[in-house]
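First the structure, in the form of structure tokens, and then the observations on it.
The values are calculated or read from the model by the stated rules, or taken from the named source; none is laboratory data. Keep in mind it's a predicted model, so treat the numbers as computed, not measured. Cβ sites come from the backbone with ideal geometry, for glycine too, and all protein chains shown count toward neighbours.
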């Protein structure tokens, strides 16, 4: 049982005194995401911290951290007396597949004949590499504010899928990171017990990825239409078509 | 007039396992001794159906509700939910069977002594139900074990479960010990255990048991 | 756990135990140089007290637990994947089946997250109705939980059946309002689906009014029982530091003395208009967790009476809300409520299409199990069952 | 003896037996005499077992606000319900025709022997119980010793069952059963010692006869109505509950913990045997309790003596069993360490004190007048004060709590 | 004192035991097959198709095969195929009709979303729940003929809701007629008139054109709990065949 954070594994018989002096405050953040970003940048000058704005009405902006500094930053956020983000509520995996971005560049080619310059449209297909992302929602139980949202991105979706585990900082990430490992295939380094959580151990795929193809078990689909019909077509029997018709009125 | 009398109202669904009085008379003519033995045997079994205490998902709560004061499955002698499959007569598959759970369900079924019956309670147990599009959801427990009664609903009311139980009782009461249409458990060639599927790299292996599950290929509807 | 397997003593006996895990039912006597034989027992996924298809692999020294590993996934129904292929509205009935005891609260959590994602206002009457439904659900859930807990403690179903007797009354209300006993599918983005009639409200008010009488009887039967006290006090203690760090929420957290109730913190809905208290435990043991539920039910009754008193007239749906063809703006939102089991959150990413790009449920039941092993270590099998019961899990939510 | 004790009803069963026996030749009469007794006991208590199960299911159902089995009826006749009273027979038909599974790796001999032994020994205990005036199958001088010896063997069978099944839950149950056996034999026997002390005999029949007097015709001299007898009776009930593995001491079969405990791997007929033995054991212990503490077949008042003695016995037996069912419907289960702690730290000392108490009662038998009151007071004090003190120490640290609310 | 809590508990169970003989609150069993199950008005189990005419349910389905419910159904258990031709509906207007309409009740989760999104009040929730079957492939798939039930049946099982729906539909019809009259009058008055609303359009114009039917929030009022319509009246789901 070694290897985990000492805080989490103190003897069960030692109970610190249960005393909390909490004051009710509004659930909004004590500092804005920008302020936190600025403070982190001064504290960790080597770290790359990007503010990811949220365009929706919720307007909860998030901070994209680089993988190497993430554990230190996380520990700082947890212990910082201003923020005290002691509670990691939610850990989510998000799959961003490779995307082909079609750009149209217009170049004006001067007409050799001397007429007005011709505009030639040139399509460029740029492949934006995808990534796997882990999103952490942090709150503070001590100061009763939140959420601060952290994001970590892998380098790609194929081989460089490693991220540092934040389980040593917040034990709450334990099962959730395992779930992300299971369903998205992000490998969390220094996770104390990184096994599949929901699927069986022999399972090879990562089903929550957007490009996952489900096993073919569409043998009986009397109401198939749309996408399901495409998949069930191979199994269409006279019965499945006949049952729809039923007796003629 | 608040309630439909199931016997009077023409149900839109065909009822299962009903035995008419005429058929019962026919039974009698087969031989008084055998028939009365058969009736005693079937009476005992149909009035003492002990289900396996085994809940999978949402429907399990309604299964428990069927055992509670309002619905009281005990009236049919079926409140003794045995936690060990060795003493159970009926497996109520109540809820979604996931692919991860399917081998365990089949194993439990194999561990039950004959004669045993299976009720698929709720849409998920019948066909995967609303979750059938899921990658880890088995599209019906009848892919691996034979099911006697299907109770649709999501979840079925406890009364629907009781209705299914009454259907099963009727089915048991109509079972024969000998002859060409003898009950399944009396025929030695019928398997009592079924192969347990294994966890594969992408799916269960095999994904269904073709000896048990075969959707109709062609339809000859009346 | 260093179980050095001394050669010559390690016996692999295959036994036909019916409750083996996927590896097959085997009795594996793990030998330890110093402690003699350890017995590894796989409890579940079919076990009378695992509340569904939860599985614990327990290593026992005598009857004492020296190691406990929870195994999940036996009810992994791919809710999130299905939701990402379904419209926003289409996921609403699926949320009923997440925590199938509390469909009303789960509905609300999802509606709340979508409303946050889209900036959708909700009329006042609907907000009150939501609170009524959520608190009725809390009564229902906590009563059933206590019943199940006592079942784990070894009663012959009696408290459970009393709890279900009361549950039926609440379910009758839900059914006459929403059409279904358990899968209510009642909340909509921007309001509620059906407006209760005055008779319904009167019946619900009477139910809430009479509920303390049931609680009194329940408590008379159980709370002072010496066996109950001996079985629960000091069992499965959990200190607040660990509980916070492990992300535990709901009554389990508050039993450890941490004042954290999302109803108070976020003040979602119209909860700030209500006068209610948050009970706090001091020991963090099973008894405290049990008492938290009883006390919370009494507070819920208070909230309900206030809600019935102040319920305003008016529409129950924002007239601008769209039922079909709902496409929220691109963005993301994390909405959370205090469900009876803890903080239930929905994290949604919208890319402007009719289906959510990412749909994530933050399941309190799963995360509350994080410290199960720590709570159970050193106790016996009988206690592990009770501790699990006191955490209050629903497998539909644990595995989703 | 009032003339009522010689009534026709009182003698009817015995005379029926003698009438049947007289048809046989002289050398066989002795054998037939006993065989008829055995068959009668088996038939009566077999039926009693059947109706105990249905009574338990119906009473528990009522306790839980529901109806319970009520529509089994009869085969061959349609539309009959008989209030579900035929339910046990349906269960019997079903259980006896179920497939019998023996696990492949089980110890087959032990697995087979365990249910046989458990039923045999639990039936043997019935031999020494006086079911009525002159209705005792075997008159033994050391009846009590015989009873406890035979009763203890059933726990051994439970251990055999648990061990031979090769199932982890069964194994745990077997260990629990042993611990329980060792812990509760002692208080059970110690709770009976005062009776032996006062009555001066080990014969059950003699013990019943000692209780056959009334003060002013309606205050029976049952042992339960003395301070030491009451204490002994309570200890006896607790120990009997534990011995017969009934809630709240149903640890070997703890459903929520150990599936079905030692029964996990038993199906069909063998399971039925265990089930039967459990109820036989319960009935035998209740019958012993009735015999020792509740005056056996004696009527509570003189003027009620016209009711045959065996009916009184049955009534008291049913009362005991209803109480056991009621307890089962209410209480929760102890943990194994609490169970043994209760036995060693509470019941055994209390029972030992009670032996001394009974000795005092015997020594002070000649006290009269106001001294009689002193005798009662001392006897009560000897048992109540230790009960309170030891009860305190047993539940030390356990109390209902008060809670604070967030500000 | 030790044992007081236990005795209190025994007292509670004894109270319940005795109460079960005289107190209806402590004896809640409803003997299901004999005693009627009272279903509330709003109870829903599986959908059915409403047709106007009780004698010929197939001829007058309200459904115009718009396939909205097929698309919105979360578990995708509805299949609809549009007809090639048109048939007159109850108003005599030519409409498409479903050539195939099937619901797989072994998949349906009774969520009522199909009812909510239907702009024509053509699909409603049935209350029949005694539908255990032995063949899940053929018995649990319901085709158009099995689904079609007359409006009278709808009135039997959901009296209040059906009355409200009927009222709305009649109002719609009247408004449409008046509008048609008005346009006809306007046409007669002025040679250059607005184009006549196309009869062949799938949706009949609702009464208030400002709110689209599908976006109109439902304002169903739940009836008194415990008092509802009968799930199946005499005759039940009458079929014409």
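Worth a mention:
- Here residue D:300 passes the criteria (1) assigned to a helix (DSSP H, G or I); (2) more than 14 Å from chain C (Cβ to nearest Cβ) except the one numbered (1).
- Scanning the range D:65-100 for residues that are surrounded by 22 or more Cβ atoms within 10 Å (Cβ to Cβ), out of contact with any helix residue (DSSP H, G or I) (no Cβ under 6 Å at 6 or more places or on another chain) and modelled with pLDDT under 85 yields one hit, D:84.
- Residues of the range A:79-109 satisfying the condition of being away from chain C (no Cβ under 14 Å), part of a loop (DSSP other than H, G, I, E, B) and in contact with a strand residue (DSSP E or B) (Cβ under 9 Å, 6 or more places away or on another chain): A:83, A:98
- Listed by position, the helices (runs of 4 or more DSSP H) contained in the range C:346-393 that have at least 3 residues being closer than 26 Å to residue A:170 by Cβ and more than 11 Å from chain A (Cβ to nearest Cβ) are C:381-391.
- Residue match in the range E:180-197 (condition: under 21 Å from residue E:64 (Cβ atoms), touching a strand residue (DSSP E or B) at 6+ places or on another chain (Cβ under 7 Å), outside any helix (DSSP H, G or I) and away from chain A (no Cβ under 14 Å)): no
- Members of the range E:69-109 found to be crowded, with 24+ Cβ neighbours inside 10 Å, away from chain C (no Cβ under 14 Å) and not in a strand (DSSP E or B), listed by number: E:105, E:106
- Flag for residue B:66 being more than 7 Å from every other protein chain (Cβ to nearest Cβ), within 19 Å of residue C:151 (Cα to Cα) and outside any strand (DSSP E or B): yes
- Filtered residue count, the range D:225-246, keeping only those that are in contact with a helix residue (DSSP H, G or I) (Cβ under 8 Å, 6 or more places away or on another chain), assigned to a helix (DSSP H, G or I) and over 18 Å from residue D:360 (Cβ atoms): 8
- The range E:110-162, residues that are in a helix (DSSP H, G or I), farther than 17 Å from residue C:179 by Cβ and more than 14 Å from chain A (Cβ to nearest Cβ): E:151, E:152, E:153, E:155
- Taking the listed residues C:367, C:393, the one that is in the same structural domain as residue C:239 (by TED's automatic domain parsing) and modelled with pLDDT of 90 or more is C:367, with no other qualifying.
- Among residues of the range E:10-39, those that are within 23 Å of residue C:168 (Cα to Cα) and in a helix (DSSP H, G or I), counted: 14
- Options C:267, C:224, C:234, C:281; residue that is surrounded by fewer than 21 Cβ atoms within 10 Å (Cβ to Cβ) and within 10 Å of chain A (Cβ to nearest Cβ): C:267
- Qualifying positions in the range A:167-201 - within 9 Å of chain C (Cβ to nearest Cβ), part of a loop (DSSP other than H, G, I, E, B) and in contact with a strand residue (DSSP E or B) (Cβ under 6 Å, 6 or more places away or on another chain): A:170, A:172, A:200
- Within the range B:103-132, the set of residues being within 14 Å of chain C (Cβ to nearest Cβ) and not in a helix (DSSP H, G or I) comprises B:112, B:113, B:116, B:121, B:128, B:132.
- Checking each residue in the range E:126-150 for being touching a strand residue (DSSP E or B) at 6+ places or on another chain (Cβ under 6 Å) and in contact (Cβ under 8 Å) with a residue 24 or more places away in the chain picks out E:126, E:136, E:140, E:141, E:142, E:143, E:144, E:147, E:148, E:149, E:150.
- All helices (runs of 4 or more DSSP H) inside the range C:76-128 with 3 or more residues being away from chain B (no Cβ under 11 Å) and either under 23 Å from residue C:395 (Cα atoms) or more than 22 Å from the chain's Cα centre (by Cα) (or both): C:103-118
So that you can scan it fast, the table gives a plain yes or no per residue for (1) in contact with a helix residue (DSSP H, G or I) (Cβ under 8 Å, 6 or more places away or on another chain); (2) in a strand (DSSP E or B); (3) within 14 Å of chain A (Cβ to nearest Cβ):
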| position | (1), (2), (3) |
| --- | --- |
| C:296 | yes, no, no |
| C:300 | yes, no, no |
| C:304 | yes, no, no |
| C:309 | no, no, no |
| C:312 | yes, no, no |
| C:324 | yes, no, no |
| C:328 | yes, no, yes |
| C:337 | yes, yes, yes |
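- Filter result for residue A:229 (more than 7 Å from every other protein chain (Cβ to nearest Cβ), outside any helix (DSSP H, G or I) and surrounded by 15 or more Cβ atoms within 10 Å (Cβ to Cβ)): no
- Every condition in (1) surrounded by 14 or more Cβ atoms within 10 Å (Cβ to Cβ); (2) in contact with a helix residue (DSSP H, G or I) (Cβ under 9 Å, 6 or more places away or on another chain); (3) at pLDDT below 85 is met by residue D:48 except one, and the failing one is (3).
- Residue within the range D:359-378 that is part of a helix (DSSP H, G or I) and within 25 Å of residue D:250 (Cβ to Cβ) present: no
- Hey, residue B:135 at pLDDT 85 or above, touching a helix residue (DSSP H, G or I) at 6+ places or on another chain (Cβ under 8 Å) and within 14 Å of chain C (Cβ to nearest Cβ) or not: yes
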